[in-house]
Amino acid sequence: MNLIAIKDYVKIRKEEMKKEIFSLVRKPKLVIIQMNDDVASNSYVKGKLKDAEELGIEAKLIKLDESSSEEQLLTLIDDVNEDETVDGLIVQLPLPKHISEIKVKERINPKKDVDGFHPLSKFKACTPKGIVSYLTYIGFDFTGKNATIIGRSNIVGRPLAKLLLDLSMNVTVLHSKTSIEDRNFYLKRADLAVVAVGKPHLIKKDVPLKKDAIVIDVGISRLDGHLVGDIEPRDDVLLQTPVPGGVGLLTRLSLMENVLEAYQDGISR
């Protein structure tokens, strides 16, 4: 395997995408609707806008007040759906409590759903897509290997499990109700361990893992003033993705890839 760092992989892919986007007849366009003032969300949106600018993608942020009604948000989504100059649309999570996340996800035109959350969307959810693309690039052999995923969210755990099953892996999905003993049992046998819970250092560095295991840390939390992942840093495995500067970069890259794909689909229709 070619164990290239995530930041270097992302840099390579961005250079490839920049060349492709530069040759297009117009810039792909992404609209981001944000209805919160969450610190983490603001950071995510800032990163997405930065990536878009770097790649030559036109990105527009529309901020709604948190007190706006659900109907106002849905009407805005309809307007963007109908705008033929827009290739991709995302609604930044979390949403205020009075807004139905399900209604919002299902209101987005599947052809513009570059987050991959709509049931009919052709796009893969960005974090799982980014993880699989990176593993493929470094030459990880999926077939017949054991994957242990901790976390069953509809954003990471569940869609990632499907992608890995489609690649002929043996997949075990664990969650908050799994006992520590069972969790350690499956982690010990994992060729690929993915933890996406959001609890700082949930998996301690003394938990036995295979020496040739690849460990993907999706969680990010603040602990003692520092950003940390779900897994304590360790040096006794083949590869552990860093936090920060790891899966978040893959997620943002996949979003931009989906926007470019949405543009190409629109041109071909």
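The values are calculated or read from the model by the stated rules, or taken from the named source; none is laboratory data. Note that the coordinates shown come from a computational prediction; the quantities given were computed from them, not determined experimentally. Positions of Cβ are generated from backbone atoms using ideal geometry, with glycine treated the same way; all protein chains shown enter the neighbour counts. Areas reflect the complete protein model, heavy atoms only, side chains present, ligands, DNA and RNA absent. Shrake-Rupley method; radii C 1.70, N 1.55, O 1.52, S 1.80 Å.
Give me the residue from the stretch 221-266 that is of a type in the set (A, V, I, L, M, F, W, C) and without any contact (Cβ under 8 Å) to a residue 60 or more places away in the chain and, out of that set, surrounded by the fewest Cβ atoms within 10 Å (Cβ to Cβ).
223
Which condition does residue 35 not pass, out of (1) out of contact with any Pro (no Cβ under 7 Å at 6 or more places or on another chain); (2) closer than 19 Å to residue 90 by Cβ; (3) at pLDDT 95 or above, if it passes all the others?
Exception for residue 35: condition (1).
Enumerate the pairs (first residue in the stretch 99-112 and closer than 11 Å to residue 262 by Cα; second residue anywhere and of a type in the set (A, V, I, L, M) and open to solvent by less than 20 Å² (accessible area, probe 1.4 Å)) with beta-carbon separation below 7 Å, excluding pairs fewer than 6 apart on the same chain, so at least 6 apart or on different chains.
Correct list of pairs: 111/262; 112/86; 112/89; 112/262.
Mind telling me which of the residues 128, 159 ends up being open to solvent by less than 20 Å² (accessible area, probe 1.4 Å), assigned to a helix (DSSP H, G or I) and under 22 Å from residue 231 (Cα atoms)?
128 is the lone residue from the list that is open to solvent by less than 20 Å² (accessible area, probe 1.4 Å), assigned to a helix (DSSP H, G or I) and under 22 Å from residue 231 (Cα atoms).
For the stretch 1-45, how many residues are open to solvent by 80 Å² or more (accessible area, probe 1.4 Å) and more than 30 Å from residue 73 (Cα to Cα)?
10
Name the one entry in 48, 103 that is modelled with pLDDT of 95 or more and open to solvent by 60 Å² or more (accessible area, probe 1.4 Å).
103
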